[in-house]
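**Q** Just dropping this structure here.
What follows draws every value from the coordinates through simple rules; no lab data is involved. All of these numbers come straight from a predicted model, not from anything done at the bench. Methodologically, a virtual Cβ is constructed for each residue, glycine included, from the backbone with ideal geometry; neighbour enumeration extends over all protein chains shown.
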Amino acid sequence: KNIAIFASGSGSNFQAIVDAVQAKQLSANLSLLVCDQPGAYVIERAREAEISTFVFNAKDYPNKEAYEEEIVMLLKNKQVDLIVLAGYMRLVGSTLLSEYEGRIINIHPSLLPDFPGKDAIGQALAANAKWSGVTIHFVDEGMDTGPVIVRERVRIEENETRESLQWKIQEIEHKLYPSILQMLLTKGDALQNEKARAN
Ligand code: GRF
């Protein structure tokens, strides 16, 4: 199966997936990185791993539909089966969704539906929450709202800092994302079935 990863930032989750493929813990072809931030470190990581990359700047396009049409063409060209959002800081629009809904997943650093959107870790600390965690879910048109595939909890300690919580959450993400991908890809029609069950 062919995977495309969408990322905007440092790409530590991208790297964890690359490493899992190289270690043969994940049987997939990483066909494409899509990145909307021309300076992002994830681009370096993709070059290092020799993965094709499409970098775009949303400002160069009249609207979301225009750049998503270009992305859809690339995805079809590479026969991508599954889109993996890993720190992609944009809402997926109807152009991508109408082609790939049920085959787009995202990872979010909170126990959704708590703390959706930006800075989920900061939100959890500001709310004095006792627990946070990681959620992997299917993507729909909302912000972090689609059907949940898995959630893993993290205890927020009394003396927790942003750095310590981020470290704990990322440690979980880097294990959980590759293993869930492997599960989704090996379970035959899993993608559609999972979606039906989650609904
Ligand atoms: C992760 O914490 C992920 O949950 C969120 O964005 C962050 C991306 O980090 N959606 P990285 O770029 O993979 O290091």
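**Q** Out of 17, 43, 5, 51, which single residue is within 13 Å of the ligand (Cβ to nearest atom), among the β-branched types (Val, Ile, Thr) and more than 13 Å from the chain's Cα centre (by Cα)?
**A** Going through 17, 43, 5, 51 in turn, the sole match is 43.
**Q** Quick one: in region 72-87, which of the residues that are more than 17 Å from residue 149 (Cβ to Cβ) and touching a residue at least 24 places away in the same chain (Cβ under 8 Å) is nearest to the chain's Cα centre (by Cα)?
**A** Checking each candidate, the answer is 87.
**Q** A follow-up question, please. Give region 15-26 a look and list any residue that's in contact with a helix residue (DSSP H, G or I) (Cβ under 7 Å, 6 or more places away or on another chain) and under 17 Å from residue 184 (Cβ atoms), or say none.
**A** Matches in region 15-26: 16, 17, 20, 25, 26.
**Q** Return only the number of the condition from (1) more than 14 Å from the ligand (Cβ to nearest atom); (2) hydrophobic (A, V, I, L, M, F, W, C); (3) surrounded by 20 or more Cβ atoms within 10 Å (Cβ to Cβ) that residue 169 does not satisfy.
**A** Of (1) more than 14 Å from the ligand (Cβ to nearest atom); (2) hydrophobic (A, V, I, L, M, F, W, C); (3) surrounded by 20 or more Cβ atoms within 10 Å (Cβ to Cβ), only one is false for residue 169: (1).
To keep it simple, each residue is scored yes or no on (1) touching a residue at least 60 places away in the same chain (Cβ under 8 Å); (2) over 30 Å from residue 56 (Cβ atoms); (3) surrounded by 16 or more Cβ atoms within 10 Å (Cβ to Cβ); (4) touching a helix residue (DSSP H, G or I) at 6+ places or on another chain (Cβ under 8 Å).
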residue	(1), (2), (3), (4)
95	no, no, yes, yes
100	no, no, yes, yes
121	no, no, yes, yes
143	no, no, no, no
154	no, yes, yes, yes
